[in-house]
Every structure is written in C-alpha cells, then in structure tokens.
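Working notes for the structure below.
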C-alpha cells in the first residue's frame, strides 16, 4: 500500500513539474512563430526606427556634442521602448490569440503539456529576442558602454521584457482572435510607448513615465549615453511591483479560464 501511494505521489509530482523536452519543443515552436512575417516585423520596426532616428537626430544636432548625446539617448530609448512594448506585449498576445483562433491551443493543452510548460515556452523566446534586439540598438546608436553598463542595460531590458510578456499573455487569454488581440493591445501599447517618448516635454508626463517600466528603460538609456550607468532603488521597485502585479493578474485569470477564455 505504501509503495503504491509513493508511486502515485511521484507520478503526480512529475506531472505537475516541468518536462524539459516538452518545454524545448514549445520554445522551438514559438521561436519559429516569432520569425514569421506576422511577428518579425515588430523587432525589425524597432531596429529601423532607431536607425532612422540616429541619422535624423545627428542632422538636427549639427555637430553639437551636448545635443547629440541627448538625441542619441532618445533614439536608443525610443527604439528599446518600442521593442519591449511591441515584441513583448503585442507579439505574445497575438501568438496566443492565433493559436486559439486556429484551434491548436485546445489540442495542445489537452495533451501532456502542462500550463507552466506552455507559459515558459511562450515567453522565453520572446525575452531572448527582445534582449538581443536591445543589444543591437546599442550598436546602431554607437553608444560606448562599460561592462557594468552592458550588464545594467541587458538586465533592465530583461526585467522590462518579463513585465511586457506577462502582460501580453494576459491580453492573449482575454482575446478571442488576433484582431481582438490587436484591439485590446492598442491602449496599453500607447501608454507604454508614447508616455515615455514625451516625458521630456512636461513634468507631469515625466512623473507618469517614471511609474512605468518602459519609462525606467528610457531613463536607463539616457544615463548610459551620458556615461553614468545607474538605476535608483525606486526604478527597480517600480519594475518589480509591475512584474508582480502582472503575474498576480495572470494567475487569477488563468485559474478562472485557463489559457482559453472562450
């Protein structure tokens, strides 16, 4: 009896844990989807935007080093903000909505893949792509960084990517299809991308921006371009709180509906 109970308990534990081969299979599937024409356009847009802004701002600065430094921080910050917002939130939500629309999600979730494996397999490829693109943006803007600066930039990019991707999973659960997902993503995208972009124009906008993880990313890009890589405790707390709130909201919605809210 004891042996049977032990075996049953072991099976339950194994079933609720992570099967790395299944996680790898999901990640491979999601990575392939990220490079499809529907999704790859978003990180490409961030790269293109940064490239265009660098030359445009360089022309505006007209050789003034002080202005040029500010402009390059803007180019890097805007490109990274768009990358985190679009690739993290929009791509993640649309990918989940696409699976629901094509009825592949139900088949996947009724197989031996559990919710945690699907969640991690969905966001890890997105996180890797966002961080990689943000590194490319630094090279495009020709910003010189110390090893500490690189560590800070990649670390903050990763944390902001987590917040954005989890938010995307929430929107994907709530969306019925890709069109609905795009509609639901519009307002959060505008808030996350546009408010930090205009933070330098008014103190009130700056205060709101400092309470957004994308705003913290924008501030980090400015400090790196100025050669003073640093992030204060408030910035880290903002990112940590927003990740925690996103995860809590995701868990509540997931427990109520699973990945398919239809």
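FYI, it's all coordinate maths here, none of it is from the lab. These numbers come from a predicted model, not from an experiment. We place every Cβ from the backbone using ideal geometry, glycine too, and count neighbours over all the protein chains shown.
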Nearest-ten-degree value, helix 20-34 long axis tilted from longest Cα axis of the chain:
50 degrees
Over region 92-175, volume per residue of the alpha carbon convex hull, in Å³:
95 Å³
Calculate how steeply helix 2-16 sits against the longest principal axis of the alpha-carbon atoms of the chain, using the helix alpha-carbon long axis, and give the answer as 0 to 90 degrees to the nearest 10.
30 degrees
How high is the relative contact order of the chain, in percent, counting Cα pairs under 8 Å that sit 6 or more residues apart?
25 percent
Just one of (1) 124; (2) 139; (3) 148 is volume of the Cα convex hull per residue in Å³ as worked out from the coordinates here. Which one is it?
(3)
Report the far tail of the P(r) of region 165-262, meaning the percent of Cα-Cα pairs longer than 23 Å.
36 percent
From the square roots a ≥ b ≥ c of the eigenvalues of the alpha-carbon gyration tensor of region 56-199, which class results: rounded (a/c under 1.5), prolate (a/b over b/c), or oblate?
prolate
For the chain, what is the calculated [θ] at 222 nm in deg cm²/dmol (nearest 500), taking -39500 (n - 2.57) for each run of four or more DSSP H residues and dividing by its residue count?
-26500 deg cm²/dmol
Rounded to the nearest 10 degrees, what's the angle between the helix 147-174 long axis and the longest principal axis of the chain, both from Cα atoms, 0 to 90?
50 degrees
Roughly speaking, what is the stretch gain from residue 257 to residue 228, that is 0.36 nm per residue apart minus the C-alpha to C-alpha distance, in nm to one decimal?
5.9 nm
Could you list 253, 26 in order of exposure, starting from the residue whose Cβ has the fewest other Cβ atoms within 10 Å?
253, 26
Equivalent ellipsoid, region 222-261 (semi-axes from 5 times Cα gyration tensor eigenvalues, Å)
35, 11, 4
Can you tell me the order of 198-204, 98-104 when each peptide is scored by its average per-residue count of other Cβ atoms within 10 angstrom, highest first?
98-104, 198-204
